[in-house]
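> The structure that follows is given in the form of structure tokens.
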Amino acid sequence: MPKLIDLIQAGRKVERHHPWPRAVVDDDVWRSAASALADGGLSLLGLWGEASCVHMAILDDHTSDIGVISLDCPDRQFPSVAAYHPPAVRLERTVHDLFGLQAAGTPDPRPWLDHGRWQMRFPLGERLDPSPDAARYQFLPAEGDSLHQIPVGPVHAGIIEPGHFRFTASGETVVRLEQRLGYTHKGIEGLMAGSTVEQAARLAGRVSGDSTVAYGLAFAQAVEAAQQIAVPPRALLLRALMAELERLANHLGDIGAICNDASFALMQAHCAVLREGVLRAADAAFGHRLMRDLVVPGGVARDIASDGPNAIRAALDQIRRHFPALVELYDNTASLQDRTVTTGIVTPALARQFAAGGYVGRASGRNHDARRRPGYLPYDGLRFEVPVLSDGDVNARVWIRIREVEQSLALTDQILIGLEAGPVRVSLQGATEPSEGMAVVEGFRGDILAWLRLNGDRIERCHLRDPSWFQWPLLEAAIEGNIVADFPLCNKSFNCSYSGQDL
Amino acid sequence: MRKLLLQGLFRQPLTEQAPRPDDAALAELGAMVARTARRRLGRSLSIREVDAGSCNGCELEIHALSNAYYDVERFGIRFVASPRHADVLLVTGPVTKNMREALERTYHATPDPKWVVAVGDCARDGGCFAGSYAVVGGVSAVVPVDLHIPGCPPSPMAILRGLIGLLEAVDADVAAK
């Protein structure tokens, strides 16, 4: 079985790609990479296109190495990775929709983000007029006696993002769920191409609003990698502080919302109060409740307010005082446990195959956290644990969040203690040779990948891969055999981003 | 659980004072006040939220309106599951081309009288997404907008201020009939 290093060495190494290597390979190496992904041992981190080539980011599970292999597509096609390794299916459909590059041998040639509404095809490749005879989108068939379909969305009953779910059910039991996403596709990668670093940073912070700090961080780290610049220690700590506050706020919100979807509103009411406390502390410390546009390439846009640390400490004290009673309430309420335990199971094998990050992966035995592996500053100097469970049900995903709330509380304390005076931003370099940078950052939902090519102060191409790409398909698997009424509960326990995957 | 419930009985409520309606928002309401409302709504507004391609930041803050600090239901404002039950559509996002039809159909499914409130900077004119091949560029390009609440995202207090302003305008409008 080829290791990642073998694949990279089999190709032509690309200069000025940091911090991990990138190599241009031929069809054969590309195919052997695809087959190695299918065998296990290597995990797919991302697959994205450019006008006439495709890139694939790979993680070596044994060595924790990361690398990118690229394939030129002069005849506008490439060997399908999905033919070997299903997690690539939606990524390849997207590459075709945006760039017009065909995955030869793909098991699923249907469009993904392109709903036939853009008045053009292949907006980021060689643009074509829309095909006049665009066929109706075909959902996958489910055959059997007395099956019925339930179409849901794109406009849902709750205050959530738009997407379409097509259920096929036998009585109350879900036989198949098929997702259709792409409704919030804004063309962010198209807007980024040719924009300044500053404009692109603002767009990166708006890929998925709940992860605005994590996206800002992933983008900034990729720019800093491309330019090979180091960020001052105080800025690193402030970034981590914001990232942990974001994680806290989201996990608290999710724990309440999951219980609410099991009709247990009391948890929601209390968790929402704690979440609000975190957002208000963020507002007091950084001037924005969601801390948007604060992580910028080179450091942070503004220093923490003088009374910021106290505001944050006060919010954390509130959580420390009230959260344990809520955890006990969750654990001791039989009617709630009845809903969450053994509901919506993701098997460890599936989580591993899809390289699912975040609580989805860690609740199903995949011990992966980008703060540890590949790891980035300042986390190597901070003490924290990465909780892992293997049950893979809604309950396990709640417990991972509970444990991560505790870890983020401890991390925030360490950061506040370690905060020393100093500069919070360095300026970027002016016009230099084109260079490429890459980063993998742990958002609350999982690992976010950012890859970009800089040319002077302009972004030539930037790709941002949300953790949801590898979690959404697992939701389809998790709901199978469950009752329709448990779908909101399962969906909330995943809390995948629509906007993040639609881009 | 008993302890938590008892604490809830004896603790001071967290709910904060209502904000005064925003003057700027009220000025924007001018045009709307002139419109005819065919039935009295009282002080109750049912809202259907429609995400027309937002980054989900606005949704987070709209959610926050229901927490104990803002408790939006005390003003008679509630979020409903269907446009058929709604008086107001609260629309976020720059309106992606993939969401355009869904937004139009939601609008037409809402019975008259109805109002549309656009929330967030990108809901006004597409914001930083304007000019993209995939974006229409603002809610008013698709359905008529009565009130716009700016911000990226607007804070819950800003959204609440806008909605209370809308309520007062609706009241005044109906009383004048």
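> Being aliphatic (A, V, I, L, M), in a helix (DSSP H, G or I) and either away from every other protein chain (no Cβ under 14 Å) or touching a Pro at 6+ places or on another chain (Cβ under 8 Å) (or both) is the filter here, so list the residues in the stretch A:305-325 that pass it.
Quick first cut of the stretch A:305-325, residues aliphatic (A, V, I, L, M) only: A:305, A:311-312, A:314-316, A:319, A:325.
Still in the running and in a helix (DSSP H, G or I): A:311-312, A:314-316, A:319, A:325.
If the condition is that a residue be aliphatic (A, V, I, L, M), in a helix (DSSP H, G or I) and either away from every other protein chain (no Cβ under 14 Å) or touching a Pro at 6+ places or on another chain (Cβ under 8 Å) (or both), then A:Ala311, A:Ile312, A:Ala314, A:Leu316, A:Ile319 are the ones that fit.
> Only one residue in A:Asp457, A:Asp466, A:Asp413 is surrounded by fewer than 19 Cβ atoms within 10 Å (Cβ to Cβ) and at pLDDT 95 or above, so which one is that?
Working: A:Asp457 fails: at pLDDT 95 or above; A:Asp466 fails: surrounded by fewer than 19 Cβ atoms within 10 Å (Cβ to Cβ).
Step by step, each of A:Asp457, A:Asp466, A:Asp413 is checked, and only A:Asp413 is surrounded by fewer than 19 Cβ atoms within 10 Å (Cβ to Cβ) and at pLDDT 95 or above.
> Ok, one more. Test A:Asp97 against the criterion of being among the acidic types (Asp, Glu), part of a helix (DSSP H, G or I) and at pLDDT below 95, and give yes or no. Talk me through it step by step, then tell me what you get.
Values: among the acidic types (Asp, Glu): yes; part of a helix (DSSP H, G or I): yes; at pLDDT below 95: no.
No: the conditions fail for A:Asp97.
> Counting only residues that are free of Cβ contacts under 8 Å to residues at least 40 places away in the same chain and more than 8 Å from chain A (Cβ to nearest Cβ), how many does the stretch B:125-137 have?
Result for the stretch B:125-137: 4.
> Looking only at the stretch A:63-97, which residues are β-branched (Val, Ile, Thr) and in contact with a strand residue (DSSP E or B) (Cβ under 6 Å, 6 or more places away or on another chain)? First the steps, then the outcome.
Filtering the stretch A:63-97 for residues β-branched (Val, Ile, Thr) gives A:63, A:66, A:68-69, A:81, A:89, A:94-95.
Once the filter is applied, which keeps residues that are β-branched (Val, Ile, Thr) and in contact with a strand residue (DSSP E or B) (Cβ under 6 Å, 6 or more places away or on another chain), the stretch A:63-97 yields A:Ile66, A:Val68, A:Ile69, A:Val95.
> Another question, if that's okay. Taking the stretch A:111-128 as the region of interest, how many residues are farther than 19 Å from A:Thr184 by Cβ and buried (at least 16 other Cβ atoms within 10 Å of the Cβ)?
Residues meeting the conditions: 3.
Residue by residue, here is whether (1) surrounded by 15 or more Cβ atoms within 10 Å (Cβ to Cβ); (2) more than 22 Å from the chain's Cα centre (by Cα); (3) among the hydrophobic types (A, V, I, L, M, F, W, C) holds:
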{"site": "A:Ala134", "(1), (2), (3)": "no, yes, yes"}
{"site": "A:Asp145", "(1), (2), (3)": "no, yes, no"}
{"site": "A:Gly153", "(1), (2), (3)": "yes, yes, no"}
{"site": "A:Phe165", "(1), (2), (3)": "yes, no, yes"}
{"site": "A:Gly171", "(1), (2), (3)": "no, yes, no"}
{"site": "A:Val175", "(1), (2), (3)": "yes, yes, yes"}
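> If A:Pro107 satisfies all but one of (1) modelled with pLDDT of 95 or more; (2) not in a loop (DSSP other than H, G, I, E, B), what's the number of the condition it fails?
Unmet for A:Pro107, out of (1) modelled with pLDDT of 95 or more; (2) not in a loop (DSSP other than H, G, I, E, B): (2).
> Just checking: which of the strands (runs of 3 or more DSSP E) contained wholly in the stretch B:67-124 hold 2 or more residues that are at the interface with another protein chain (Cβ under 9 Å from one of its Cβ atoms) and at positive phi?
On the way: elements: B:77-79, B:88-92, B:115-119.
Here the list is empty.
> While we're here: Could you count how many residues in the stretch A:187-207 are assigned to a helix (DSSP H, G or I), more than 20 Å from A:Glu224 (Cα to Cα) and facing chain B (nearest Cβ under 7 Å)?
2
> Could you tell me which numbered condition A:Pro123 fails, if it satisfies all but one of (1) under 30 Å from A:Ala355 (Cα atoms); (2) without any contact (Cβ under 8 Å) to a residue 40 or more places away in the chain; (3) not small (Gly, Ala, Ser)?
Failed condition: (2).
> In the list A:Arg280, A:Arg292, A:Arg302, A:Arg321, which residue meets the criterion of being within 29 Å of B:Gly8 (Cβ to Cβ) and in contact with a helix residue (DSSP H, G or I) (Cβ under 9 Å, 6 or more places away or on another chain)? Quick ask: steps written out before the conclusion?
On the way: A:Arg292 fails: within 29 Å of B:Gly8 (Cβ to Cβ); A:Arg302 fails: within 29 Å of B:Gly8 (Cβ to Cβ); A:Arg321 fails: in contact with a helix residue (DSSP H, G or I) (Cβ under 9 Å, 6 or more places away or on another chain).
None of the other options fit; the residue is A:Arg280.
> Just to be sure I understand, how many residues within the stretch A:110-132 are part of a loop (DSSP other than H, G, I, E, B), within 14 Å of chain B (Cβ to nearest Cβ) and within 27 Å of the chain's Cα centre (by Cα)?
Within the stretch A:110-132, residues that are part of a loop (DSSP other than H, G, I, E, B), within 14 Å of chain B (Cβ to nearest Cβ) and within 27 Å of the chain's Cα centre (by Cα) number 12.
> Could you list, in sequence order, the residues of the stretch A:67-84 that are touching a residue at least 60 places away in the same chain (Cβ under 8 Å) and not hydrophobic (A, V, I, L, M, F, W, C)?
Narrowing the stretch A:67-84 to residues touching a residue at least 60 places away in the same chain (Cβ under 8 Å): A:67-69.
A:Gly67, the sole residue that qualifies.
> Now, a different point. Just checking, which of A:Asn491, A:Asn495 is of a type outside the set (Gly, Ala, Ser) and over 13 Å from the mean Cα position of the chain (by Cα)? Steps first, please.
Numbers: A:Asn495 fails: over 13 Å from the mean Cα position of the chain (by Cα).
Of A:Asn491, A:Asn495, the one residue that is of a type outside the set (Gly, Ala, Ser) and over 13 Å from the mean Cα position of the chain (by Cα) is A:Asn491.
> I'd like to know if the stretch A:349-365 contains one or more residues that are more than 20 Å from A:Leu252 (Cα to Cα), crowded, with 18+ Cβ neighbours inside 10 Å and in contact with a Cys (Cβ under 7 Å, 6 or more places away or on another chain).
Filtering the stretch A:349-365 down to residues more than 20 Å from A:Leu252 (Cα to Cα) leaves A:349-356, A:364-365.
Now drop any that are not crowded, with 18+ Cβ neighbours inside 10 Å, which leaves A:350-351, A:353-356, A:364-365.
Going one step further and asking which of them are in contact with a Cys (Cβ under 7 Å, 6 or more places away or on another chain), we end up with none.
No.
> When the stretch B:42-66 is examined, which residues are found to be within 7 Å of chain A (Cβ to nearest Cβ), more than 22 Å from B:Tyr107 (Cα to Cα) and crowded, with 24+ Cβ neighbours inside 10 Å?
B:Gly57
> Determine whether A:Ala282 is in contact with a Phe, Trp or Tyr (Cβ under 9 Å, 6 or more places away or on another chain), under 14 Å from A:Phe444 (Cβ atoms) and buried (at least 24 other Cβ atoms within 10 Å of the Cβ).
Numbers: in contact with a Phe, Trp or Tyr (Cβ under 9 Å, 6 or more places away or on another chain): no; under 14 Å from A:Phe444 (Cβ atoms): yes; buried (at least 24 other Cβ atoms within 10 Å of the Cβ): yes.
Spelling it out, it is not the case that A:Ala282 is in contact with a Phe, Trp or Tyr (Cβ under 9 Å, 6 or more places away or on another chain), under 14 Å from A:Phe444 (Cβ atoms) and buried (at least 24 other Cβ atoms within 10 Å of the Cβ).
> A:Gly299 fails exactly one of the following numbered conditions: (1) closer than 30 Å to A:Gly437 by Cβ; (2) within 13 Å of chain B (Cβ to nearest Cβ); (3) touching a Lys or Arg at 6+ places or on another chain (Cβ under 6 Å). What is the number of that condition?
A:Gly299 satisfies every listed condition except (2).
Matching residues to (1) away from chain B (no Cβ under 14 Å); (2) farther than 23 Å from A:His115 by Cβ; (3) part of a helix (DSSP H, G or I):
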position	(1), (2), (3)
A:Arg453	yes, yes, no
A:Ser468	no, no, yes
A:Leu475	yes, no, yes
A:Gly481	yes, yes, no
A:Cys490	yes, yes, yes
A:Ser493	yes, yes, yes
A:Cys496	no, no, no
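> Name the one entry in A:Ala478, A:Ala439, A:Ala396 that is touching a Cys at 6+ places or on another chain (Cβ under 9 Å) and crowded, with 24+ Cβ neighbours inside 10 Å.
Answer to the check: A:Ala478.
> When you scan the stretch A:163-186, do you find a residue that is part of a helix (DSSP H, G or I) and either among the aromatic types (Phe, Trp, Tyr) or within 14 Å of another protein chain (Cβ to nearest Cβ) (or both), even just one?
First pass over the stretch A:163-186, keeping only residues part of a helix (DSSP H, G or I): none.
No.
> I need the full set of residues from the stretch A:381-417 which are part of a loop (DSSP other than H, G, I, E, B) and of a type outside the set (S, T, N, Q), in order please.
A:Leu382, A:Arg383, A:Phe384, A:Glu385, A:Val386, A:Pro387, A:Val388, A:Leu389, A:Asp391, A:Gly392, A:Asp393
The values are calculated or read from the model by the stated rules, or taken from the named source; none is laboratory data. Quantities reported herein were computed from a predicted structural model and do not represent experimental measurements. Cβ sites come from the backbone with ideal geometry, for glycine too, and all protein chains shown count toward neighbours.
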